[in-house]
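In what follows, a single structure is set out as structure tokens and then discussed.
The values are calculated or read from the model by the stated rules, or taken from the named source; none is laboratory data. Only a predicted model underlies this, so the values are computations on that prediction, with no experimental measurement involved. Cβ coordinates were reconstructed from backbone atoms using ideal geometry, including for glycine residues, and neighbour counts include every protein chain displayed. Please note that ligands, DNA and RNA were not included when accessible areas were found on the heavy atoms of the full protein model with its side chains. Shrake-Rupley method; radii C 1.70, N 1.55, O 1.52, S 1.80 Å.
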Amino acid sequence: EHLVSIERKASANELYTNLSSKPFRERFYAEEKRLQEKVKYRFIIVEQDCDDVMNPNSYAVNTMHRNKFSPYMPPALVIGHLITFMLEHNIHVLFAGSKAKSVAKKILLAIHDMYLKEKANVGEKTN
């Protein structure tokens, strides 16, 4: 079993692309399901703030005037799918903005510390 997987998403628009078209969405869900079986801690770090993800102007489908529906549909779709990931697949989603690399580093260090403590506890129990 692997300990951690951190998937980076550069923008709300990338999330929308991954989640809105059927082939991308099916591949994305299949990958997350595969990871669920193999990886203990899973994260998606979005390199934008939550406000950016909720802003309809963050999506190319809106800025290029190709959206035939409400401009609020892309943010609603993205947030809805992310909530599903968190609840059904136990994936932690973080909106880290410009601090994404720092957040990823802190996650890795925290999990490393937890691993060392668990390993030490197992060692104490066998002695």
Here are some conditions: (1) outside any helix (DSSP H, G or I); (2) open to solvent by 70 Å² or more (accessible area, probe 1.4 Å). P71 meets all but one. Which one does it not meet? (2)
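Among the listed residues A110, A100, A76, A120, identify the single one that is within 19 Å of D52 (Cα to Cα), free of Cβ contacts under 8 Å to residues at least 60 places away in the same chain and either open to solvent by 90 Å² or more (accessible area, probe 1.4 Å) or in a helix (DSSP H, G or I) (or both).
Working: A110 fails: within 19 Å of D52 (Cα to Cα); A100 fails: free of Cβ contacts under 8 Å to residues at least 60 places away in the same chain; A120 fails: within 19 Å of D52 (Cα to Cα).
On inspection, the qualifying residue turns out to be A76.
On the basis of being surrounded by fewer than 17 Cβ atoms within 10 Å (Cβ to Cβ) and either within 13 Å of V93 (Cβ to Cβ) or at pLDDT below 85 (or both), does S11 make the cut? So that I can check it myself, show each step before the final result.
Values: surrounded by fewer than 17 Cβ atoms within 10 Å (Cβ to Cβ): yes; either within 13 Å of V93 (Cβ to Cβ) or at pLDDT below 85 (or both): no.
The answer is no for S11.
Taking the condition over 17 Å from E7 (Cα atoms) and hydrophobic (A, V, I, L, M, F, W, C), does M73 pass? Walk me through it before giving the result.
Details: over 17 Å from E7 (Cα atoms): yes; hydrophobic (A, V, I, L, M, F, W, C): yes.
Here the answer is yes, as M73 does meet what is asked.
When you check R34 against the structure, is it open to solvent by 60 Å² or more (accessible area, probe 1.4 Å) and part of a strand (DSSP E or B), yes or no?
Working: open to solvent by 60 Å² or more (accessible area, probe 1.4 Å): yes; part of a strand (DSSP E or B): no.
Here the answer is no, as R34 does not meet what is asked.
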Which residue is farthest from A110 (Cα to Cα), if the candidates are limited to the range 14-31 and must be open to solvent by less than 70 Å² (accessible area, probe 1.4 Å) and among the aromatic types (F, W, Y)? Y16
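Anything in the range 83-97 that is in contact (Cβ under 8 Å) with a residue 24 or more places away in the chain and assigned to a helix (DSSP H, G or I)? List them, or say none.
Those that are in contact (Cβ under 8 Å) with a residue 24 or more places away in the chain and assigned to a helix (DSSP H, G or I): F85, H89, G97.
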Between N57, N90, N62, which is touching a Lys or Arg at 6+ places or on another chain (Cβ under 8 Å) and not hydroxyl-bearing (S, T, Y)? N90
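Just a yes or no: is a residue in the range 41-62 among the basic types (K, R) and open to solvent by 20 Å² or more (accessible area, probe 1.4 Å)?
Scanning the range 41-62 turns up no residue that is among the basic types (K, R) and open to solvent by 20 Å² or more (accessible area, probe 1.4 Å).
Identify all residues within the range 79-117 that are of a type in the set (A, V, I, L, M) and either modelled with pLDDT under 85 or farther than 27 Å from A30 by Cα (or both); write none if there are none. Quick ask: steps written out before the conclusion?
Pass one, the range 79-117, residues of a type in the set (A, V, I, L, M): 79, 82-83, 86-87, 91, 93-94, 96, 100, 103-104, 107-111, 114, 116.
Answer for the range 79-117, where residues must be of a type in the set (A, V, I, L, M) and either modelled with pLDDT under 85 or farther than 27 Å from A30 by Cα (or both): L109, A110, M114, L116.
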